[in-house]
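To start, the structure under review is shown below, and the notes come after it.
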Amino acid sequence: MLPLEPTDSGLFSPSDLPTVRQGEGYRVLARKYRPRRFSQVVGQNILVRLISQALKRDRLGHGFLFSGMRGIGKTTTARLLACYLNCLNLRQTEGEIEPCGVCDSCRAFEAEKHIDIIEMDAASHTGVDDIREILEACRYRPVLGRYKVFIIDEVHMLSKNAFNALLKTLEEPPEHVKFIFATTEIQKVLPTVVSRCLRFDLKRLDPAVLVPYLQDICTKETIKADPEALLLLAQAGGGSARDSLSLLDQAILLAEQQSQENPCIQAQDVGQMLGLLDRKAFHTLFEAILQGDAKASVETAQSLEGEGIDPLRVMEELSTFVHHLSCLKVGVKEGLLGMSVEEKNFLEHKAQQAELPTLGRLWQMLLKGREEVERAAFPQRAFEMVLVRLAYVTTLPTPDQLLKGAASPKKEIAVSPTIQIKLTPPLPSQASFSPLLQDFKGLIEAVIAKREGLLQTHLLQDIVLVTFEQGRLEISLKPGAPTDLPKRLQAFLKDYTGTSWKVILVPFSENLGPTLSEKKAEQERLIKEKVNAHPILEKARAFFPGVVLEEVKTLP
Ligand SMILES: [Zn+2]
């Protein structure tokens, strides 16, 4: 087991990281705030927990593999792991495991002169000879720490022979050797190498994680920063802490140029620095689309083009809006973390206006539109055509509204400053909304279809049909039938066909004929009589005296 007793002295003070900017010896932020413990690694909680657990139990294999996009902290994490592995007095405080910071190994690591930690960039040392050199070094025992640690960056770049040479050692490495590999392309690493390593995938950092991190660093650097500015930096950093930090470096320089005493990082300056437009232009555009205002959409897009913004970039922003809104509609709010108040308000407000089916349509059309714009000889024109369609589609009723019969009202869509197109949604055909009733049977089928069970019973048992014409029904009621039946029938007919019907009541008399139920019963009686008289039945009765015909069924 590792010695885990806490020690009093330590290189790291409880106050954590340095908070005062050094004048002459100013180091770039990414370097200055490089994590010195796993607890300082930002946004990789799962990885940190896994490694800490493994270290606590001293259950570590000989190989480790870190994968993830560039600038995400693979090398930093690999070096940290090397430091932890080599510390002679790893200590445990509040459940966290930490290097002591004072042993020979820790001091050498801090000074970046650790003789037992050997780094190799496989991108520039791809050959088998380079690997052989490393494998040679495996024979020597560690000098300062507990292990010889080999960090091989971009391991997927190794040649096949180099991989094979490495694999032999990886299968049966000496006790005092550890390998840490890092790669941006895990799929290019031999599966046999991957399977011999403890593998960690580093996550791309979300603005929700990066913005508070950048804010923290600004506080330590005693620099004020607009949250929206930090969001822009985090977004431009593309999920990489290192890239976001180097952008923050630039933004700080810019802010200090403007005011030496009271530097403040502002969204507008950062936007200019990054070559971005004010977010408001994107808001205006998206709003115009949601309102079905093609004119305003195209005009805003044209002014964006005037600012030199690529149409594909604008489409990307629109897609992001649609995605955020859809998430909000289904109750997922995590995407809003790390956003500026303004952005949050905008999205929450729009989420109340937009319907989910409309957002779905917009998403699909943006995906398709993207292809068109990419292929087009004049991307901006193609983009404007997409915008006109997007604005139109938001004015269409959703399937739900269509079902409820609430078709969209006549809508005027302004397509360009000079052309106006009037769009009248086609009226649903008469047939689809006002079904015709051909006869009394049709009426009963309609009653069944509408699940009017009671009315159905009355129609069958209490009503005698006299005449049936379009819009006119003459009936008679059997004695004892509810007297409001004609009125109820009339209401149903009006509701079902959409037109008014006359229902005329004729006084009941036996001469009018039977009700449908009676007619059916009579038919059944006749059939039974016929079947009973059939020669087969005569024969059956001879074999089975006393047999009675119960029911006659028509086979399909
Ligand atoms: Zn140590």
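The values are calculated or read from the model by the stated rules, or taken from the named source; none is laboratory data. This one's a predicted model, so the numbers in the text were calculated from it and none came from an experiment. Virtual Cβ from ideal backbone geometry, glycine too; neighbours counted across all protein chains shown. For the accessible areas, the whole protein counts, side chains as well, though only heavy atoms, and no ligand, DNA or RNA atoms are used. Shrake-Rupley method; radii C 1.70, N 1.55, O 1.52, S 1.80 Å.
Tabulated data
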| read-out | value |
| --- | --- |
| When residues of the stretch 60-98 are limited to those that are open to solvent by less than 30 Å² (accessible area, probe 1.4 Å), touching a Cys at 6+ places or on another chain (Cβ under 9 Å) and part of a loop (DSSP other than H, G, I, E, B), the one nearest to the ligand (Cβ to nearest atom) | CYS87 |
| So ARG141, is it open to solvent by 60 Å² or more (accessible area, probe 1.4 Å), modelled with pLDDT of 90 or more and within 18 Å of GLY63 (Cβ to Cβ) | no |
| Near pairs, Cβ below 9 angstrom, 6+ apart or cross-chain, from the stretch 99-123 (part of a loop (DSSP other than H, G, I, E, B) and open to solvent by less than 10 Å² (accessible area, probe 1.4 Å)) to any residue that is among the β-branched types (Val, Ile, Thr) and more than 13 Å from the ligand (Cβ to nearest atom) | ASP116/VAL143; ASP116/VAL149; ALA122/ILE131; ALA122/ILE152; ALA122/VAL155; ALA122/THR183 |
| Some residue of the stretch 171-184 being part of a loop (DSSP other than H, G, I, E, B), within 16 Å of the ligand (Cβ to nearest atom), on the phi < 0 side of the Ramachandran plot and surrounded by 14 or more Cβ atoms within 10 Å (Cβ to Cβ) | no |
| Subset of the stretch 277-302 (residues that are over 25 Å from the mean Cα position of the chain (by Cα) and at pLDDT below 90) | LEU277, ASP278 |
| Subset of the stretch 144-161 (residues that are assigned to a helix (DSSP H, G or I) and surrounded by fewer than 22 Cβ atoms within 10 Å (Cβ to Cβ)) | HIS156, MET157, LYS160, ASN161 |
| Breaking point among (1) at pLDDT 90 or above; (2) within 17 Å of VAL211 (Cβ to Cβ); (3) in contact with a helix residue (DSSP H, G or I) (Cβ under 6 Å, 6 or more places away or on another chain), for LEU274 | (1) |
| Number of the condition not met by LYS553 [criteria: (1) exposed (fewer than 10 other Cβ atoms within 10 Å of the Cβ); (2) touching a residue at least 12 places away in the same chain (Cβ under 8 Å)] | (2) |
| Filter pass, SER476 being in contact with a Leu (Cβ under 7 Å, 6 or more places away or on another chain), open to solvent by less than 80 Å² (accessible area, probe 1.4 Å) and not aromatic (Phe, Trp, Tyr) | yes |
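So that you can scan it fast, the table gives a plain yes or no per residue for (1) polar (S, T, N, Q); (2) free of Cβ contacts under 8 Å to residues at least 60 places away in the same chain; (3) open to solvent by less than 90 Å² (accessible area, probe 1.4 Å):
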site	(1), (2), (3)
THR320	yes, yes, yes
CYS327	no, yes, yes
LEU347	no, yes, yes
LYS350	no, no, yes
ALA376	no, yes, yes
